[in-house]
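These notes are about the structure you will find just below.
The values are calculated or read from the model by the stated rules, or taken from the named source; none is laboratory data. Values in this document were obtained by computation on a predicted structure and should not be read as measured data. Please note: Cβ atoms are built from the backbone with ideal geometry, for glycine as well, and neighbour counts cover all protein chains shown.
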Amino acid sequence: MLIHNRLRAAGVAWPAVELSGFDADHLALIRLVTDRLAAPAPTPPARFGFLARLGERVSGAAAELPGMLALLGQISEGLLGLLRRPAGFRMREFFVQLQSVGLGALPIVAMMTFLIGVVFAYLLGIQIEKYGANIFIVDGVSLAIARELSPMLVAVLVAGRSGAAFTAQIGAMKVTEEIDAIATLGLSPIKVLVLPRLLAIVVAMPLLSFFGDLMGVLGAATVAASQLDITLHTFFTRMRDVLPLDTVTYGLSKAPAFAVAIAFIACRNGFAVSRDARSVGERTTATVVTSLMAVILINALYAILNPAL
């Protein structure tokens, strides 16, 4: 490189230089260096505008649609097969996933919903205490927790915890060719990997949401008793009068819809992993982001279809 640059500075064109007496390996190295130095500098990639980037994202999302529809059809076929032959359901894997999704999430669900109830009751109590309407803390907190806060918070937690775990597990199995081994043994990867996870999260989510209702109300009752002079007996008596059962069941009815969306997105991204570790990380991140968006959209759809509850 030094020789090439010195000759070029002296006005000598490199093609006019004759090389002789060099070892073959050295000559090949010199030619490699000079060819690279003579090559034009690479042009920087073109910067696309907003519409071009938007079109690229839309095109990428559209490319995912056939795979999603194929997985949806395979899951539907697997569920119909289970209805015809329930004995083929992998009950042990179902309970393993149920323990992971349900029991494993109880501590963090309890802490999160209890603290949300505490914070919500404290902030609302500061405002209503100015007007001497302390008892209405029960109305606001119980309705908000049962209708919106608990199902949404539990869905966000499950999306970040279990949804990411589903994608990472299935993706790692694809990288290590375990899914190919399952198919080689004559088993269905959908029945072995997807259906137990799907049914486990559908069963666990309403139970976690109800547990979140209890812990959130308990947190609010604790603040009401200590800050607003509302005893626990008064709090729960008032809640029985102002919290209709329809509102509780409405909040719990969201949980299976959230669960199906999270499980479907997680399993789809798991099967879409390419055979490298980087793809596992990218697909796991995509699962969390897409699941959160799906949860928010489903919750908005419920609010539009049932505004009176």
ILE190 vs. criteria touching a residue at least 12 places away in the same chain (Cβ under 8 Å), assigned to a helix (DSSP H, G or I), of a type in the set (Val, Ile, Thr) and crowded, with 24+ Cβ neighbours inside 10 Å: no
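Looking at GLU93, GLU56, can you tell me which residue is over 30 Å from PHE211 (Cβ atoms) and either modelled with pLDDT of 90 or more or of a type in the set (Asp, Glu) (or both)?
GLU56
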Here is a check on your reading of the model: is THR113 of a type in the set (Ser, Thr, Tyr) and closer than 30 Å to GLN227 by Cα? yes
Filter pass, ASP213 being in contact (Cβ under 8 Å) with a residue 12 or more places away in the chain, out of contact with any Leu (no Cβ under 6 Å at 6 or more places or on another chain) and in a helix (DSSP H, G or I): yes
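Okay, residues lined up against (1) assigned to a helix (DSSP H, G or I); (2) touching a helix residue (DSSP H, G or I) at 6+ places or on another chain (Cβ under 7 Å):
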{"residue": "THR43", "(1), (2)": "no, no"}
{"residue": "ARG47", "(1), (2)": "no, no"}
{"residue": "GLY55", "(1), (2)": "yes, no"}
{"residue": "LEU82", "(1), (2)": "yes, yes"}
{"residue": "GLU93", "(1), (2)": "yes, yes"}
{"residue": "LEU106", "(1), (2)": "yes, yes"}
Take region 54-76 and flag every residue that is surrounded by 12 or more Cβ atoms within 10 Å (Cβ to Cβ) and within 14 Å of LEU198 (Cα to Cα). LEU71, LEU72, GLN74, ILE75
Scan region 221-248 for residues that are among the aliphatic types (A, V, I, L, M), under 36 Å from the mean Cα position of the chain (by Cα), under 22 Å from VAL119 (Cα atoms) and surrounded by fewer than 18 Cβ atoms within 10 Å (Cβ to Cβ) and report the count. 1
Given the criterion modelled with pLDDT of 90 or more, touching a Cys at 6+ places or on another chain (Cβ under 9 Å) and not charged (D, E, K, R), identify the matching residue among VAL203, VAL194, VAL288. VAL194
Expected output for region 261-272 (first residue touching a residue at least 12 places away in the same chain (Cβ under 8 Å) and closer than 11 Å to ALA168 by Cα, partner of a type in the set (S, T, N, Q) and buried (at least 24 other Cβ atoms within 10 Å of the Cβ), Cβ below 6 Å, 6+ apart or cross-chain) is ALA266/THR167; ALA266/THR287; ASN269/THR167; ASN269/THR287; GLY270/THR167
Select from region 79-128 the residues that are out of contact with any Pro (no Cβ under 9 Å at 6 or more places or on another chain) and β-branched (Val, Ile, Thr) and list them in ascending order. VAL101, ILE108, VAL109, THR113, ILE116, VAL118, VAL119, ILE126, ILE128
How many residues does region 6-18 hold that are surrounded by 11 or more Cβ atoms within 10 Å (Cβ to Cβ) and either at pLDDT 85 or above or not in a helix (DSSP H, G or I) (or both)? 2
Just name the residue that is modelled with the lowest pLDDT out of those in region 24-53 that are surrounded by 10 or more Cβ atoms within 10 Å (Cβ to Cβ) and of a type in the set (Gly, Ala, Ser). ALA38
Could we say that GLU77 is out of contact with any Gly (no Cβ under 6 Å at 6 or more places or on another chain), of a type in the set (Asp, Glu) and closer than 17 Å to SER188 by Cα here? yes
Find the residue count for region 216-238, including only residues that are in a helix (DSSP H, G or I) and either of a type in the set (Val, Ile, Thr) or over 20 Å from GLY132 (Cβ atoms) (or both). 11
Take the residues of region 249-287 that are surrounded by 20 or more Cβ atoms within 10 Å (Cβ to Cβ) and among the β-branched types (Val, Ile, Thr): which is farthest from the chain's Cα centre (by Cα)? VAL273
